[in-house]
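Below: the structure, in structure tokens.
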Amino acid sequence: MASLAGMLRARGHRVTGSDTAAYPPMSDQLRAMGIAILEPYSEANLEPRPDLVVVGNAISRGNVELERVLDERIPMTSMAALIHDEFLPGRESLVVCGTHGKTTTTSMLAWIYETAGIREQGLGIRKDDRDAKWKPSFLIGGVAENFGTSFHVQEGTRPFILEGDEYDTAFFDKGPKFLHYFPDAAILTHVEFDHADIYVDLAAVKTAFKRMVNLIPRRGRLVAFDGSENVTECCAKAFCKVERYGFWESSHWRVVELIQKGSSTSWTLLCKGAEFARLTLPMAGEHNALNATAAAALAVGQGVPAEAIVEALATFKSVKRRLEVRAEIAGVTMIDDFAHHPTAIRETLRALRAAYAGRRLWAVLEPRSNTLRRNVFERELVESLALADEVVLAQVFKSEAIPVNERLEPEHVVNALKAKGVPAILCVDADAIVAEILPRVKSGDVIAILSNGGFGGIYEKLPRELQRIEDRG
């Protein structure tokens, strides 16, 4: 929603927005663009009367602003519908979908296209951006650090790269947002059960992705992960060409000779068994090598030169809140990661193990996503967190909104971790977590803060207290 606000502002519209409580990095981006964030929700926020209200999927009946919109029949739409109507006509829609890795892969693909555009201009192939073949428009669910923004609208160019979210669109449109984007080509990274608040089971999730695949035209292309039976099922009836990527000998795009050294990963990428390129990515984690492979594969199929792909991945700077180093104080490294699912937590901790080998690793988790707040993945969550040396859990975010029989019990997770020999503790809030960590943390420790929200200001509180300790010597 913040990205869409910026896109509309860039087109000259006056844009305001409302939220319960905005937090970085998107709140910072909005304020930098001069877009007012009105907090909290209030009928007065609709003065003067807007020409159009874009209703986010977090808004439901009973919201005071929505009720006034309905009472007065102020024109309204959804984010996904407005993107389709205002930004996609006449453009090539490239959509990145999947349970995991969407934001990072979308950012990689956008940077590959941007690098190809820069090279194109440097070679004198075009005079300005209006003639650009590769310069992309993009919409990403996070701030891509190469661009310093989550969106860009490039007038006069064809490619529009979108992160395709499987979450529902709005209270009046319960289908996934990506069904509005009508991809010309797409990436499908993973398919797992997620968003337990709107999908009843894995079968419902797979149905959503199958419908996305069914929108790709015969002339289009789908790049799909080769290590998941769920992905195989979802792309089995595609009318377009399907190219699989992964580690298998049968993979169309195969990752081999993968080496992880500190925060860097390199591998050889094969295409139909022949070497395509040796790729280097300044990011840790096997999962990020797979994300980069997917982006490279889609770009190649759209005609992007291999040289641009190699250069782009070597200079990729990640996404805010994805393995982001937030602070290094008193020998302690604090990492911020947008953990939303046990699989994502597992891959994050594996990546940190590779990047910071030999150092004590803390996992500090706030169960905040609609999936983590529920007990559906309690066993998998324990297995993922057990990769850390020390685990600190916060209470479930807004636990009262989850039925008791569905609610995650953090005490169960802590007890299961202790039974595995992993030190674990439950704290009531961010302040208690900081108080618990400070006396025990040592120089050389790595603290991974895992949350898809503001986590009670822990990102500011913990570095501040660490700095005080360092200042005292």
For this session: Highest first, please rank the peptides 211-222, 89-100 by the mean number of other Cβ atoms sitting within 10 Å of their residues.
Result: 89-100, 211-222
Problem set entry | Computed label-point distance, nm, for sites ASP28 and ARG219 using a 7 Å Cα→Cβ extension | 4.3 nm
Problem set entry | Pairs from LYS210/LYS241; LYS177/LYS210; LYS174/LYS241; LYS174/LYS206 whose Cα-Cα separation, in the structure shown, is over 18 Å | LYS174/LYS241
For this session: Compute the FRET efficiency between ALA432 and ARG379 as 1/(1 + (r/R0)^6), taking r as their Cβ-Cβ distance and R0 = 22 Å, and round to the nearest 0.05.
Result: 0.25
Exercise. In the neighborhood of VAL422, defined by Cβ-to-Cβ distances under 9 Å, what is the net charge if each Lys or Arg adds +1 and each Asp or Glu adds -1?
Worked result: 0
Seminar exercise, completed: Packing-ranked peptide list from 430-438, 396-404, highest mean Cβ count within 10 angstrom first, is 430-438, 396-404
Exercise. Going toward the positive end of the dipole of the chain, with +1 on Lys and Arg Cβ and -1 on Asp and Glu Cβ, which of TRP253, SER443, ASN45 do you reach last?
Worked result: TRP253
Problem set entry | 17 Å Cα-Cα reach of LYS420 towards aspartates and glutamates, excluding residues that sit fewer than 8 places from it in its own chain | GLU378, GLU380, GLU383, ASP389, GLU390, GLU411
Exercise. What 222 nm value per residue comes from the helices of the chain, counting each DSSP H run with n ≥ 4 as -39,500 (n - 2.57) and dividing by all residues, nearest 500 deg cm²/dmol?
Worked result: -9500 deg cm²/dmol
Exercise. Separation of segment 206-278 and segment 408-473 by C-alpha centroid, Å?
Worked result: 37 Å
Exercise. Given H placed 1.01 Å from N in the peptide plane, which residues other than close sequence neighbours of VAL223 have an amide H under 5 Å from its amide H?
Worked result: ALA186, ILE187, LEU188, GLU243
For this session: Set Lys and Arg Cβ to +1 and Asp and Glu Cβ to -1, take the dipole of segment 351-473 about its Cα centre, and tell me which of ALA351, LEU381, GLY457 lies farthest positive.
Result: ALA351
Problem set entry | Per residue value of the accessible surface for segment 112-271 (all protein chains in place, 1.4 Å probe), Å² | 44 Å²
Exercise. Which ³J(HN,Hα) values, rounded to whole Hz and listed in residue order, are derived for segment 232-246 from phi using the Karplus coefficients 6.51, -1.76 and 1.60 in 6.51 cos²θ - 1.76 cosθ + 1.60 with θ = phi - 60°, glycine and proline given as x?
Worked result: 4, 5, 5, 9, 5, 10, 5, 8, 8, 5, 10, 10, 9, 10, x
For this session: Starting from the amide H of VAL191, placed 1.01 Å from N in the peptide plane, find each other amide H under 5 Å away whose residue is 5 or more places distant or on another chain.
Result: THR99, VAL231
Exercise. Excluding ligands, DNA and RNA, what is the solvent-accessible area per residue of segment 303-402 at a probe of 1.4 Å, expressed in Å²?
Worked result: 36 Å²
For this session: Could you calculate the contour length gain from LYS461 to LYS133, that is, 0.36 nm times the residue separation minus the distance between their Cα atoms, to one decimal place in nm?
Result: 113.5 nm
Exercise. Which value, in debye to the nearest 20, describes the size of the charge dipole of segment 430-473 about its Cα centre when Lys and Arg Cβ atoms bear +1, Asp and Glu Cβ atoms bear -1, and nothing else is charged?
Worked result: 80 debye
Exercise. Tell me, what % of the accessible area of segment 1-134 is carbon and sulfur with a 1.4 angstrom probe?
Worked result: 50 percent
Seminar exercise, completed: Expressed in Å to one decimal, the Kirkwood Rh of segment 28-185 from all distinct alpha-carbon pairs is 17.4 Å
For this session: Would you mind classifying the chain by shape? Square roots of the alpha carbon gyration tensor eigenvalues, ordered a ≥ b ≥ c; an a/c under 1.5 is rounded, otherwise it is prolate if a/b is larger than b/c and oblate if not.
Result: rounded
For this session: State, to one decimal in nm², a quarter of the convex hull surface area for the C-alpha atoms of segment 304-435, i.e. the direction-averaged projected area.
Result: 10.4 nm²
Exercise. Can you run phi through the Karplus equation (6.51, -1.76, 1.60; θ = phi - 60°) for segment 404-421 and list ³J(HN,Hα) in whole Hz, with x for Gly and Pro?
Worked result: 4, 6, 9, 6, 5, 9, x, 4, 5, 5, 4, 5, 5, 5, 4, 5, 8, x
Exercise. Which of the lysines could a cross-linker bridge to LYS461, judged by Cα under 25 Å and excluding same-chain residues fewer than eight apart?
Worked result: LYS320, LYS398, LYS442
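The values are calculated or read from the model by the stated rules, or taken from the named source; none is laboratory data. Remember, predicted model here, so these are calculated numbers, not experimental data. For neighbour counting, all protein chains shown are included, and Cβ atoms are generated from backbone atoms with ideal geometry for every residue, glycine included. Ligands, DNA and RNA are excluded from the accessible area calculation, which covers all protein heavy atoms including side chains. Shrake-Rupley method; radii C 1.70, N 1.55, O 1.52, S 1.80 Å.
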